[in-house]
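To start, the structure under review is shown below, and the notes come after it.
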Amino acid sequence: MFFFVPEAVRKPKVKCSYEQKPFRREVMRTYGASVTPSPSESTAIGRKILAEHPGTTGSLGCAISEAVEVATSTPGYRYVLGSVLNQVLLHQSVIGLETKAAMDKYGIVPDVIIGCAGGGSNLGGLIAPFMGEKLRRERDYRIIAVEPASCPSLTRGKYLYDFCDTGMVCPLAKMYTLGSNFIPSPNHAGGLRYHGMSSIVSQLYDDGYLEATSVEQTSVFAAAEQFARVEGILPAPESSHAIRVAIDEALKCKETGEEKTILFGLTGTGYFDLVAYEKFNNSEMSDYIPTDEDILASLKGIPQFPGNEI
């Protein structure tokens, strides 16, 4: 979420990510950005969230609320959201189109397509041209969305209208959601920290066109380490969710003797995430899975009207 101003760029960053990814913060500051951990005391919505959730490490929903407040109350500021919304999936579809063109050039047809899923834009962009063929019944693909077990909106959320942000200042969207008040555990090291899922991805999942699974972060980092040692690329924690399931699917093929082409999205490198890698290598990383009671408590904040009851 960037605020575009004549002389500088300001960005609210989820407090957990702000603390866990100091190198990313410093790169931004090097290029002139001012970075504020969210929720913060610098906005009315941030102060409200902190009062209701003392000591919280934040979420994307919190950062969105603060960004909207600053953008709408400061002359010359503009707000750009880089995830979840339909136009973002459209922009991200360039990735999918390039992937499809490369596969077609070499005559490769994937059997399984796997992408990490937080807000859904990354996954949605990757699968867009393949999903088009699937919807037109030209080809069939098995498509898997992979989300963190600590923030499982597709696999454990409800398909309802909910606020897109924790401060409840943005419009409602129909999506799989854990409730806009849901804040992932601070030990979650990846950037997949959004309470809901893209409306497009949610609709596709609800209609049965794609699958969803959740994975715990220690297994995700184990897959990331294995991938790095084999391929020489240090993957981002977000990408490593897809890597985890791609490895699992390959192992299933090894057991059954099936030959399948598995396509997954490698969405970024992990050089800004070395603090998380350090915790994993030092055996200081743990897993957290919210209880049903945790999720139910967050879902109680969803707007109640006919047809939108929990």
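Taking only pairs six or more apart or across chains, which ones have beta-carbon atoms under 8 Å, a first residue in region 194-218 that is small (Gly, Ala, Ser), and a second residue that is at pLDDT below 95 and surrounded by fewer than 18 Cβ atoms within 10 Å (Cβ to Cβ)?
The qualifying pairs are Ser198/Asn86; Ser199/Asn86.
Output the residue which, of all residues in region 193-214 that are of a type in the set (Val, Ile, Thr) and more than 13 Å from the chain's Cα centre (by Cα), is nearest to Ala250 (Cα to Cα). Give the derivation first.
Keep residues of region 193-214 that are of a type in the set (Val, Ile, Thr), which gives 200-201, 213.
Imposing the further condition that a residue be more than 13 Å from the chain's Cα centre (by Cα) reduces the set to 200, 213.
Working: Ile200: 28, Thr213: 16 Å.
Per the criteria, the residue is Thr213.
Please give the number of the condition Val68 fails out of (1) open to solvent by 70 Å² or more (accessible area, probe 1.4 Å); (2) outside any loop (DSSP other than H, G, I, E, B).
Against the list (1) open to solvent by 70 Å² or more (accessible area, probe 1.4 Å); (2) outside any loop (DSSP other than H, G, I, E, B), Val68 comes up short only on (1).
When you go through Glu293, Glu278 one by one, which is the residue that is within 30 Å of Glu26 (Cβ to Cβ) and part of a helix (DSSP H, G or I)?
Details: Glu293 fails: within 30 Å of Glu26 (Cβ to Cβ).
Result: Glu278 is the single residue among Glu293, Glu278 that is within 30 Å of Glu26 (Cβ to Cβ) and part of a helix (DSSP H, G or I).
How about region 146-172: which of its residues are open to solvent by 10 Å² or more (accessible area, probe 1.4 Å) and outside any loop (DSSP other than H, G, I, E, B)?
Thr155, Arg156, Lys158, Tyr159, Leu160, Tyr161, Phe163, Leu172
Let me confirm something: among Ala128, Ala117, which residue is more than 21 Å from Val68 (Cβ to Cβ) and crowded, with 24+ Cβ neighbours inside 10 Å? Outline the logic, then answer.
Numbers: Ala128 fails: crowded, with 24+ Cβ neighbours inside 10 Å.
Criteria check complete, one pass: Ala117.
Among helices (runs of 4 or more DSSP H) lying entirely in region 173-269, which contain 3 or more residues that are at pLDDT 95 or above and closer than 18 Å to Asp287 by Cβ? Even if it seems obvious, please write down each step before you answer.
Working: elements: 199-206, 217-231, 237-256.
It comes to 217-231, 237-256.
Which of the residues spanning region 42-65 are among the small types (Gly, Ala, Ser), closer than 24 Å to Gly190 by Cβ and open to solvent by 30 Å² or more (accessible area, probe 1.4 Å)?
Step one: list which residues in region 42-65 are among the small types (Gly, Ala, Ser), which gives 42, 44, 46, 51, 55, 58-59, 61, 63, 65.
Checking which are closer than 24 Å to Gly190 by Cβ leaves us with 46, 55, 58-59, 61, 63, 65.
Matches in region 42-65: Gly55 only.
Are any residues in region 26-35 open to solvent by 40 Å² or more (accessible area, probe 1.4 Å) and in a strand (DSSP E or B), and if so, which ones?
The one that is open to solvent by 40 Å² or more (accessible area, probe 1.4 Å) and in a strand (DSSP E or B): Ser34.
How many residues does region 277-289 contain that are out of contact with any Lys or Arg (no Cβ under 8 Å at 6 or more places or on another chain), surrounded by 11 or more Cβ atoms within 10 Å (Cβ to Cβ) and of a type outside the set (Lys, Arg)?
Quick first cut of region 277-289, residues out of contact with any Lys or Arg (no Cβ under 8 Å at 6 or more places or on another chain) only: 277-284, 286-289.
Of the ones still in play, those that are also surrounded by 11 or more Cβ atoms within 10 Å (Cβ to Cβ) are 277-281, 286-289.
Those still in the list that are of a type outside the set (Lys, Arg) too: 277-278, 280-281, 286-289.
Summing the residues that are out of contact with any Lys or Arg (no Cβ under 8 Å at 6 or more places or on another chain), surrounded by 11 or more Cβ atoms within 10 Å (Cβ to Cβ) and of a type outside the set (Lys, Arg) in region 277-289 gives 8.
The values are calculated or read from the model by the stated rules, or taken from the named source; none is laboratory data. This is a predicted model, so every value here is computed, not measured. Every residue, glycine as well, gets a Cβ built from its backbone with ideal geometry; the counts of neighbours run over all protein chains shown. All accessible areas refer to the heavy atoms of the entire protein, side chains included, with ligands and DNA or RNA removed. Shrake-Rupley method; radii C 1.70, N 1.55, O 1.52, S 1.80 Å.
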